[in-house]
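These notes concern the structure reproduced below.
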Amino acid sequence: MSRLLDTRIDRVEGRRMAATAEHGSAANRPTLRAEAAMGAVIRSALARAGVDAAGATRLCFADEAAAPLVAIPDTAELQREDANGAPLANAYDRAGADDFEPRILVMARRFAGGQPPDFANASFAELFAWSLAG
């Protein structure tokens, strides 16, 4: 994936996450939880590789996803949805999710046994793919 496309995706993702944080919508909770969990996977891989997480600038997306989760009340209904695998909020999110796995796998194969990404400039998706490749 080109750096320009990664940058545009990161920009769109940042705006979406800001809107989600502003509304504190429980409907976006599955997406936020996934992004926060991806951040945990990336941080763990960075630690194993001896890389300072502060140098991976796009890791801030995981922190931005985790913040609104604290503001969403943890109701019994939401806990049931979490246990049952809550559906994504809308069809647009589903289409993006369907494209996500193949793209991450392609990037992970590129990083497997090869050079790590430029952590300071890598997209959140690249950081996640790299963390899976290791």
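General observations
- Whenever a residue of the range 119-131 is in a loop (DSSP other than H, G, I, E, B), its partners that are open to solvent by 10 Å² or more (accessible area, probe 1.4 Å), lying with C-beta atoms within less than 6 angstrom and at least six residues away or across chains, give the pairs Phe119/Gly55; Ala120/Gly55; Ala120/Thr57; Ser123/Asp10; Ser123/Arg58.
- Val106 vs. criteria open to solvent by 70 Å² or more (accessible area, probe 1.4 Å), aliphatic (A, V, I, L, M) and modelled with pLDDT under 90: no
- Extreme residue, farthest from Ala125 (Cα to Cα), among residues of the range 38-48 that are exposed (fewer than 14 other Cβ atoms within 10 Å of the Cβ) and free of Cβ contacts under 8 Å to residues at least 24 places away in the same chain: Ala47
- Being modelled with pLDDT under 65, farther than 12 Å from Phe124 by Cα and surrounded by fewer than 16 Cβ atoms within 10 Å (Cβ to Cβ) is a description that applies to Ala19.
Residue-by-condition table, conditions (1) open to solvent by less than 40 Å² (accessible area, probe 1.4 Å); (2) at pLDDT 90 or above:
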residue	(1), (2)
Gly50	no, yes
Gly55	yes, yes
Ala65	yes, no
Pro68	yes, no
Thr75	no, no
Arg80	no, no
Tyr92	no, no
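The values are calculated or read from the model by the stated rules, or taken from the named source; none is laboratory data. Quick caveat, the model's predicted, so the values are computed rather than measured. Quick reminder, even Gly has a Cβ in these numbers, built from the backbone with ideal geometry, and neighbours come from all protein chains shown. Just so you know, the surface numbers come from the protein's heavy atoms only, side chains and all, with ligands and any DNA or RNA stripped out. Shrake-Rupley method; radii C 1.70, N 1.55, O 1.52, S 1.80 Å.
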